Amino acid sequence: MTDADRLARHLPDLIAIRQDIHAHPELGMEEVRTSALVAAKLREWGLETTEGIGGPGVVATLRGRRPGQGAIGLRADMDALALTEQTGAAYAASNGRMHACGHDGHTAMLLGAARMLAEAPDFAGTVHFIFQPAEEGRGGALAMLKDGLFERFPCDAVYGLHNMPGVPLGQFALRPGPMMAGAGRWLVTFRGTGGHGGNSPHLATDVAVAQAVFVQALQGIVSRNVPALDSVVVSVGYMAGGSRDSLNVMPSELVVGGTMRAFTPDMQALLERRIAEVAQHSAAMQGTTAEVTMWWNTAPLHNHARETEVMAEAARALPGAAVDLGMRPVTGGEDFAYMLQQKPGAFIFMGNGEGHALHTPLYDFNDAALPLGVQFWLNLVKQELGAA
Ligand SMILES: [Zn+2]
Ligand SMILES: [Zn+2]
């Protein structure tokens, strides 16, 4: 039986698994059911399976039939988002959580590859299947790394992928070097005296003016502090202060927060420094204070040159596939970047066909992409660890 025949035979199962995971979405670090399902399937198919790595993370290890020292890690993410699903699918979630980023599909594709390879381990060396929790800003990659992921499961290289709706099936995109931004968040709390907005505003220090000056001046970071050929993003996403019931009261506290993105450690440092400076100076101008906190959820994602080529080749070997090796970097973040800081490796986008955008209530992973993703992983293992 050929790989294609076996894959076709497993496909109904794989679709059922994908839709089962979809119907029971769990937020990052809460993937109890999902990781139990993943581990149970892996064990059922005969893989050596370790649970509880970085919380609900799971790693399955498969040694090839032939001796070999090489070891690679293939990674999928398992978490969902806090969103109310509106797809109307028979397997739609109803718990206010949603697989709106397609991690159900990523998990299913890697499971499919694990099953196929366990049935016919015609390779030399070791494959570690890494099922990561909490990609969506909840620190899953770092948690697995802190739990000794690569000490316990040594890998020469590590690979990850993400679906991309709106891009035809069979189209892949990646690039060597910086491909996705480091994504961070910042929060500024302005504090003043507050005051009577009608009777005695001159006696108050005004946090509203401080935050207005701050948000205005923030725009100058991108236009004046960042070199013209570098790219960063600073956006405000949250403002809170005062009360609608007391419009004549000047608040004593006002909070502004947002996101920041950068592709290099230098630009990350520049953002941290300038956002804090602009906040402090804006506050000082009004006699108020500013308390600034910021943190990074992901590092900039940098693909390594050799492994980028390996992934491109694995994609090219799919029938009818097209690979864009010159993808424009995106300012979205991906915490697989932390694994790429420790091991050579690469990350690739694969087309998910027509469909709604990621992180929207109508998005759904396209099951027609499942066999492509499985075959892609099989190609990659064959390339890296030798054909039979
Ligand atoms: Zn996402
Ligand atoms: Zn995602």
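The values are calculated or read from the model by the stated rules, or taken from the named source; none is laboratory data. Just so it is clear, the structure is predicted and the values come from calculations on it, not from any experiment. Note: ideal-geometry Cβ built from the backbone for every residue, glycine included; neighbour counts use all protein chains shown.
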Just to check your reading of the model, which residue among 347, 365 is within 16 Å of ligand 1 (Cβ to nearest atom), closer than 30 Å to residue 230 by Cβ and aromatic (Phe, Trp, Tyr)? 347
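Within region 89-108, work out how many residues are within 16 Å of ligand 1 (Cβ to nearest atom), of a type outside the set (Ser, Thr, Tyr) and either under 21 Å from residue 52 (Cα atoms) or not in a loop (DSSP other than H, G, I, E, B) (or both).
5
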Could you look through region 111-122, keep only residues that are out of contact with any strand residue (DSSP E or B) (no Cβ under 9 Å at 6 or more places or on another chain) and outside any loop (DSSP other than H, G, I, E, B), and pick out the one that is surrounded by the fewest Cβ atoms within 10 Å (Cβ to Cβ)? 119
Note down all Cβ pairs under 7 Å where the first residue falls in region 279-297 and is under 25 Å from residue 182 (Cβ atoms), the second is among the charged types (D, E, K, R) and surrounded by 19 or more Cβ atoms within 10 Å (Cβ to Cβ), and they're at least six residues apart or on different chains. 297/335
Selection count, region 40-66, where residues are more than 21 Å from residue 93 (Cβ to Cβ) and more than 19 Å from the chain's Cα centre (by Cα): 18
Scan region 357-380 and report the pairs whose first residue is over 15 Å from residue 80 (Cβ atoms) and whose second residue is modelled with pLDDT under 95 and in a helix (DSSP H, G or I), with Cβ atoms within less than 7 Å and a gap of 6+ or a chain change. 378/3
So if I check each of 360, 331, which one is touching a Ser or Thr at 6+ places or on another chain (Cβ under 9 Å) and assigned by TED's automatic domain parsing to the domain that holds residue 69? 331
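Residue-wise test of (1) in contact with a Cys (Cβ under 7 Å, 6 or more places away or on another chain); (2) touching a residue at least 60 places away in the same chain (Cβ under 8 Å); (3) of a type in the set (Lys, Arg); (4) away from ligand 2 (no atom under 16 Å from the Cβ).
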{"residue": "62", "(1), (2), (3), (4)": "no, yes, no, yes"}
{"residue": "69", "(1), (2), (3), (4)": "no, no, no, yes"}
{"residue": "79", "(1), (2), (3), (4)": "no, yes, no, no"}
{"residue": "86", "(1), (2), (3), (4)": "no, yes, no, yes"}
{"residue": "102", "(1), (2), (3), (4)": "no, yes, no, no"}
{"residue": "105", "(1), (2), (3), (4)": "no, yes, no, no"}
{"residue": "114", "(1), (2), (3), (4)": "no, yes, no, yes"}
List every residue pair whose Cβ atoms sit under 6 Å apart, with the two residues 6 or more apart in sequence or on different chains, where the first one lies in region 247-260 and is assigned by TED's automatic domain parsing to the domain that holds residue 188 and the second, anywhere, is of a type in the set (Ser, Thr, Tyr). 255/189; 257/238; 258/235; 259/235
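For residue 139, state whether it is assigned by TED's automatic domain parsing to the domain that holds residue 21 and surrounded by fewer than 24 Cβ atoms within 10 Å (Cβ to Cβ).
yes
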Kindly check whether there is at least one residue in region 80-88 that is crowded, with 20+ Cβ neighbours inside 10 Å and more than 21 Å from residue 163 (Cα to Cα). no
Is it true that residue 125 is farther than 15 Å from residue 49 by Cα, touching a residue at least 24 places away in the same chain (Cβ under 8 Å), small (Gly, Ala, Ser) and buried (at least 24 other Cβ atoms within 10 Å of the Cβ)? no
Lone qualifier among 168, 176, 154 - being within 30 Å of residue 362 (Cα to Cα), touching a residue at least 24 places away in the same chain (Cβ under 8 Å) and away from ligand 2 (no atom under 16 Å from the Cβ): 168
Let me confirm something: among 277, 309, 313, which residue is of a type in the set (D, E, K, R), away from ligand 1 (no atom under 16 Å from the Cβ) and closer than 30 Å to residue 216 by Cα? 277
Condition met for residue 313 (charged (D, E, K, R) and over 14 Å from residue 174 (Cα atoms)): no
